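One structure is given here, and the rest of the page talks about it.
The values are calculated or read from the model by the stated rules, or taken from the named source; none is laboratory data. This one's a predicted model, so the numbers in the text were calculated from it and none came from an experiment. All Cβ positions, even for glycine, are placed from backbone atoms using ideal geometry, and neighbour counts span all protein chains on display. Quick note on the areas: whole protein, heavy atoms, side chains included, nothing else; ligands and nucleic acids left out. Shrake-Rupley method; radii C 1.70, N 1.55, O 1.52, S 1.80 Å.
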Amino acid sequence: MLRRAGPSLRHFLLEGKASAGYSSYSSEAKMSKPVQARRLEGIDKNIWVEFVKLAATYSTVNLGQGFPDFPPPDFLKEALVKALSGENHMLHQYTRAFGHPPLVKILAQFFGKLLERDLDPMTNVMVTVGAYQALFCCFQAFIDEGDEVIIIEPFFDCYEPMVKMAGGMPVFVPLRPKAPKDGKLMSSADWQLDPAELASKFSERTKAIVLNSPNNPLGKVFSRGELELIADLCVKHDVLCISDEVYEWLVYDGKEHIRIASLRGMWDRTVIIGSAGKTFSATGWKVGWTVGPNRLLQHLRTVHQNSVYHCATVAQEAVAQGFQRELRLYGKPESYFVQLPKELQQKRDWLVQSLDAVGMKPIIPEGTYFLVADISQFKSDVPDVPDSDEPYDSRFAKWMVKNKGLAAIPLSAFYCGAHKNNYNHFIRFCFAKEEATLKAANDILQKWKQEKTSP
Ligand code: PMP
């Protein structure tokens, strides 16, 4: 072997011309083939990349991207520290590909209790890198070229590009706002599906519907009646339901989060998606999960084993400990799943008051940690540019972060291209923030209001 390598090395060292030729060849060797796969066409822009950068550059108060600026609960942090520095050094190594056994076991127990059905931890649960990867697995596993996927607007923006990357066709149906009576503030419950319009979107080509309740960005918590309407259509047209329930614990005013998988005929056709990031206020950990029948999850496992394969073991271990605690304290006042919504409801109410006081009309969310507000009364501050391609709310949010230091996300980012300009006078705030952050936001809004009213 060595003798055979000799001549070619000598050749390389002695043949000056050849080696010079090689280097000039390599420096000029630009590719002429198109490098971008067709599936990426038209999906290269991402609202978060753009607005996160703007917030980092200009904001003094960031109510834009959806993450808490307060820490996760102590019991969760302690569980992570223990997993990291405890005696079980195997927690630093790979674990089971489809979910660390303690985590899938407790998730099966927990969701089995909620859904009132026996769940097998090995086949009815799969752990993912955040809810994002769970969504990605669903679209890759179920959607073929030309399949239609119904998406309810406004929607968490990644659904559309993920459907397209899988070769599918998103079909949009909007929640339609109804004006509230007696000059009351609008609630997210006032945004409803038109049953006939929804039914008209189902066809032979429909493979799945994406449901997100509680909904980001509106905070709408779908009622039993609304879920039954969707469920009946899914059963009638033999359609799958991808149910993004990452905000399942964040519901207010005594509202109940109803799992569509618990409705008649739905378990067999639904994948439930959850997120430890939202559940335990630890979005940076990126632990998510899917729960559903093996006949669906087996295909998610195929995508997972051929892409990500595995999620961080220590984070899974700590989340498992978190769920064990929550199962013990289920429904009790000490439970984090009871305490967190209580605290967030108070924060929601502060932000509602503060926005209402300056005339940025809030739509009161029934769930999530987001709140959408109407900016119509502020239009004079950011003059319209009639022929601009950019929706007004997007220009408004950019102007606001640059001139007032307050970051928020335009609602049009949660609509598809064709509908962006129909809902372009709202912005979304995140209220999972420390009191000091919400107070600082209130100060900015108050000062702004004074500048507007003073001659
Ligand atoms: N679904 C919705 C509706 C979300 O709002 C988010 C996060 N903003 C996700 C999924 C992704 O969650 P994760 O951080 O666990 O990937």
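Can you pull out every residue in the range 252-294 that is closer than 24 Å to Ala320 by Cβ, among the aliphatic types (A, V, I, L, M) and touching a Phe, Trp or Tyr at 6+ places or on another chain (Cβ under 8 Å)? Result: Ala261, Ile272, Ile273, Ala276, Val291. Within the range 302-321, the set of residues being over 21 Å from the mean Cα position of the chain (by Cα) and crowded, with 16+ Cβ neighbours inside 10 Å comprises Thr313, Val314, Glu317, Ala318, Ala320, Gln321.
When the residues of the range 162-203 are filtered to those that are of a type in the set (Phe, Trp, Tyr) and touching a helix residue (DSSP H, G or I) at 6+ places or on another chain (Cβ under 7 Å), the one that is farthest from Pro365 (Cα to Cα) is Phe202. For the range 140-162, the candidate set comprises residues that are without any contact (Cβ under 8 Å) to a residue 40 or more places away in the chain and within 16 Å of the ligand (Cβ to nearest atom); within that set, the residue that is farthest from the chain's Cα centre (by Cα) is Met162.
Matching residues to (1) farther than 24 Å from Lys178 by Cβ; (2) touching a residue at least 24 places away in the same chain (Cβ under 8 Å); (3) open to solvent by less than 40 Å² (accessible area, probe 1.4 Å):
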position	(1), (2), (3)
Thr368	no, yes, yes
Gln377	no, no, no
Ser394	yes, yes, yes
Ala413	no, yes, yes
Asn421	no, yes, no
His425	no, yes, no
Leu438	yes, yes, yes
Thr453	yes, no, no
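This table checks each residue for (1) touching a residue at least 60 places away in the same chain (Cβ under 8 Å); (2) open to solvent by less than 100 Å² (accessible area, probe 1.4 Å); (3) within 16 Å of the ligand (Cβ to nearest atom); (4) part of a loop (DSSP other than H, G, I, E, B).
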site: Met31; (1), (2), (3), (4): no, no, no, yes
site: Arg39; (1), (2), (3), (4): yes, no, no, no
site: Lys53; (1), (2), (3), (4): no, no, no, no
site: Pro71; (1), (2), (3), (4): yes, yes, no, yes
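Within the range 76-135, the set of residues being more than 16 Å from the ligand (Cβ to nearest atom), part of a helix (DSSP H, G or I) and of a type in the set (S, T, N, Q) comprises Ser85, Gln109. Select from the range 55-67 the residues that are modelled with pLDDT under 90 and within 14 Å of the ligand (Cβ to nearest atom) and list them in ascending order. Listed by number, the list holds a single entry, Gln65.
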